[in-house]
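To start, the structure itself, in structure tokens.
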Amino acid sequence: MSNVALNFVLVIVGFVLLIKGADYLVNGASSLAKRFNVSDIAIGLTVVAMGTSAPELVVNIISGSVQDGGSGANEVVFGNIIGSNIFNIFLILGIASIIYPLTVERNALWKEVPYSLLATFIFFILVNDVMFFGGDVNGLDIKDGIILLVMFCLFLIYIFMNLSRNPEAEVVEDIEIYGSLKTTVMIVLGIVGLVFGGNLIVENAVTIAKFFNVSDKMIGLTILAAGTSLPELATSAVAAFHKKSDLAVGNIVGSNIFNLLLVLGATALVHAPLIYTPSLNTDLIMVMVGTLMLFLFMFTLNKYKLDRAEGMVYLIGFVAYSYYLFVREGILPGFF
């Protein structure tokens, strides 16, 4: 078997691990929620979100270690997180809500979603030192990393103070409750499957792309951001298929918060200073727009629900943004 053929096989294996990992994580997390009378949204915002954000954390720490201080590391670090958050909101929420309309708990609407928007806005200020603070260079230093991690700790404290709140979203009656050991094993295996599956897909897809002479720019714009978002896609799609709306929404909102506050905060502490390219501001604004759209969509059509039509709006927005991105990078010709 040729090397490229082996890469294709490993990509398939990665997808199998990814899907099975998502299935184990969703079922294990749901069992945990019901066993301890914890809302699905709280589990989605913590256990599931942390598990599906693991690839972003791994990619960022490794990228910084391999290219410590280099511009390539900085582009990977920021591009990976901002790109992943755009994928999460526009592509994954769009697909999940088309599979099954997602009900959003009122508490999540008024607290977790705005906190995600606030985190993105604070991050926007911190990385634009020249614009807001009159600095000489844009980026994150150790102080900025500490600010992000403190915000992350405040988020965790809030979640744990509200673990047993009674969710107002629809109740799914067919959730099986497993024993403590089996629940723990399922969650751990799910996270392991997501991380290893995602890594297999990304690494081998990059190898295949290079074999066919696809540019590094194209690889970074597509495979890396999309690849590290595959766990969120798999988990949210499986959760939506099983009509577990709070897990699907909590996974995306929580993952975006984890990405910005935990992953970038930790990366800044390890590899500061991280130089930020202002051209990424457009992409960062897209994250804020997508988060604001989630809030506004809760008051259109069916209240407190992300309907299929709104999911289509997200998908159309994702396609339009992707086209703009490729035109901006000179990969596709523009019409205007």
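The values are calculated or read from the model by the stated rules, or taken from the named source; none is laboratory data. Everything quoted here is computed from the prediction, not taken from an experiment. Methodologically, a virtual Cβ is constructed for each residue, glycine included, from the backbone with ideal geometry; neighbour enumeration extends over all protein chains shown. For the accessible areas, the whole protein counts, side chains as well, though only heavy atoms, and no ligand, DNA or RNA atoms are used. Shrake-Rupley method; radii C 1.70, N 1.55, O 1.52, S 1.80 Å.
Observations, loosely collected:
- Distance in nm between pseudo-label sites at I142 and M50 (7 Å out along the Cβ direction from Cα): 2.6 nm
- Virtual paramagnetic centre 7 Å along Cα→Cβ of K111, amide N under 14 Å, in segment 139-164: 154-164
- Length added when fully stretched, F241-I331, from 0.36 nm per residue minus Cα-Cα: 28.9 nm
- Pair F15, S279: separation of 7 Å Cα→Cβ label points (nm): 3.2 nm
- Under a 5 Å amide H cut-off, with hydrogens placed 1.01 Å from N, S39 pairs with R165 among residues at least 5 apart or on other chains.
- Relative contact order (%) - criterion: Cα under 8 Å, at least six apart; region: the chain: 42 percent
- When mean projected area of the Cα convex hull in nm² is calculated for this entry, the matching label among (i) 20.6; (ii) 23.6; (iii) 17.8 is (iii).
- Modelled this way, with points 7 Å down the Cα-to-C-beta line, the labels at F299 and L6 are 5.8 nm from one another.
- Summarising the amide proton neighbourhood of K305: residues at separation of 5 or more, or on other chains, whose placed amide H is nearer than 5 Å comprise V104.
- Cα shape, segment 257-314, gyration tensor, a/c 1.5 rule: prolate
- Taking all protein chains as they are arranged and a probe of 1.4 Å, the heavy atoms of F241 leave approximately 150 Å² accessible to solvent.
- Here V287 sits with roughly 0 square angstrom of accessible surface, probe radius 1.4 Å.
- Extended-chain gain in nm, criterion 0.36 nm per residue less alpha-carbon gap, F36 and V185: 52.0 nm
- Measuring with a 1.4 angstrom probe and ignoring ligands and nucleic acids, Y324 comes out at about 90 Å² accessible.
- With 0.36 nm allotted per residue and the present C-alpha distance subtracted, the L269-F132 stretch has 47.2 nm of extension available.
- Accessible surface, 1.4 Å probe, highest first, among residues S279, S31: S279, S31
- Checking the Cα-Cα distances for K182/K210; K111/K243; K34/K111; K182/K244 against a 30 Å cut-off, the pairs over it are K182/K210.
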